[in-house]
1. Can you compute the modelled spin-label distance between VAL139 and ASN258, with each label point 7 Å from Cα toward Cβ, in nm?
2. Per the 1.4 Å probe, what fraction of the accessible area of region 1-102, in percent, lies on carbon and sulfur atoms?
3. Counting other Cβ atoms within 10 Å, which GluC sites (Glu not before Pro) in region 275-325 have at most 14 and lie in a DSSP loop?
4. Just the number: Rg to Rh for region 62-216, Cα atoms, Kirkwood Rh, two decimals.
5. Exactly which chymotrypsin sites (Phe, Trp or Tyr not before Pro) in region 37-136 are in a DSSP loop and have at most 13 other Cβ atoms within 10 Å?
6. Quickly estimate the mean residue ellipticity at 222 nm for the chain, helices only: each DSSP H run with n ≥ 4 gives -39500 (n - 2.57), and the total goes over all residues, rounded to 500.
7. Taking a ≥ b ≥ c as the square roots of the Cα gyration tensor eigenvalues, with a/c under 1.5 meaning rounded and otherwise prolate when a/b beats b/c, else oblate, which class fits region 214-315?
8. Normalised by the empirical 2.2 N^0.38 Å for globular proteins, what value does the Cα Rg of region 79-156 take?
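The values are calculated or read from the model by the stated rules, or taken from the named source; none is laboratory data. Just so you know, these numbers come straight off a predicted model, no measurement behind them. Positions of Cβ are backbone-derived with ideal geometry, glycine not excepted, and every protein chain shown enters the neighbour counts. The area values use the complete protein model at the heavy-atom level, side chains included, leaving out ligands, DNA and RNA. Shrake-Rupley method; radii C 1.70, N 1.55, O 1.52, S 1.80 Å.
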Amino acid sequence: MSRGMFEFIKNEPSYKDADKKWEVELSKSDRFWYDLVIDPPDGFDVKKQISDYLKNLQTILKSQIDKRFVYFLGARKRVRFSMKRKPRYSFFGDQLSFYVTIGRSDKPVKVTTRIRDSQSGKTIKPRIEVSERLITIFVSENGKVSMPIHDFLLQCGIDLGIDTEVHYVGSTQNPATRPLNRIHRGFSDMVYRVPNEEYDYFVYYNLFKVTSITENSDSPLRYVVANSMIDEIGVKEEGKIIENVIIKYFGAKSQEENKETEEGELRNTLLLLAHKHKIKSISVLLEMEDPTEHFRFFSRSVPPSDRHKFVCRIQDNTVELTAED
């Protein structure tokens, strides 16, 4: 499978002459905690591990359909394991109790879960050790697994009622360096606006699937085809369109400075899509297959939700954005 392998479709009159809409859906999102990149635990080169993973993913994409990564910079209330009270199992059962602190508070908050064997799925009671940021599970006499607190909470399905505020939206073809290296105005603005004594910072690398759907056509044929398969809109332009639409949706304060430029760019792009390609609207669905609070996004303009769905179109020569259920 390669990008543009069905390129002939975009020149078929039954497709080319029909009005179309784009449906943009989140297909994959990888979340990384900046704290481990900036200050890695002893013996772990976290930045290299993340960079190698992203380089490998980028190589796979380039050899197939090719995509731009649309990334979010987000902040969540700081969470750490409490050092005041050690984890322990219930006396008569297999329930593990541990304690965390949230934000600036050092008051321990009790959390309970069960540890399951990765092979059998059965509940087990391994020895547990915690530092503020990491938990170590001794899965056997000679084997142990360490993971960051956020990954452990996510893996156990623990919801602390903390949502993720989106502070910046961008796109990149080099995810292993941008914005991971922190040489980025959006990262600096986020750190300036939300203090690290109370918040943790994350980068979310997102991949979207774009489907072009014909409608209002005299032809009996109706097309539902991925843009990557016909390459009607090139990979760079596709990524930029998605980026600009989501920037407008979240309306983060850190991107207010370039608001006029980005909205003008989006308006011109939508006009071009409508006139040249007859793409009349762009519908975006931002939702994980298995919702968790780490992917429950919000901004100063948008309330927290596991599911964000909206339509962007040109109306009376201006950009109109409408939220949908």
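1. 4.2 nm
2. 51 percent
3. Sites meeting the loop and neighbour criteria: GLU289, GLU324.
4. 1.07
5. Answer by residue number: PHE44, PHE91, PHE92.
6. Helices in the chain give a 222 nm mean residue ellipticity of -7500 deg cm²/dmol.
7. Judged from the Cα gyration tensor, region 214-315 comes out oblate (a/c at least 1.5, b/c at or above a/b).
8. Cα Rg divided by the expected 2.2 N^0.38 Å: 1.08.
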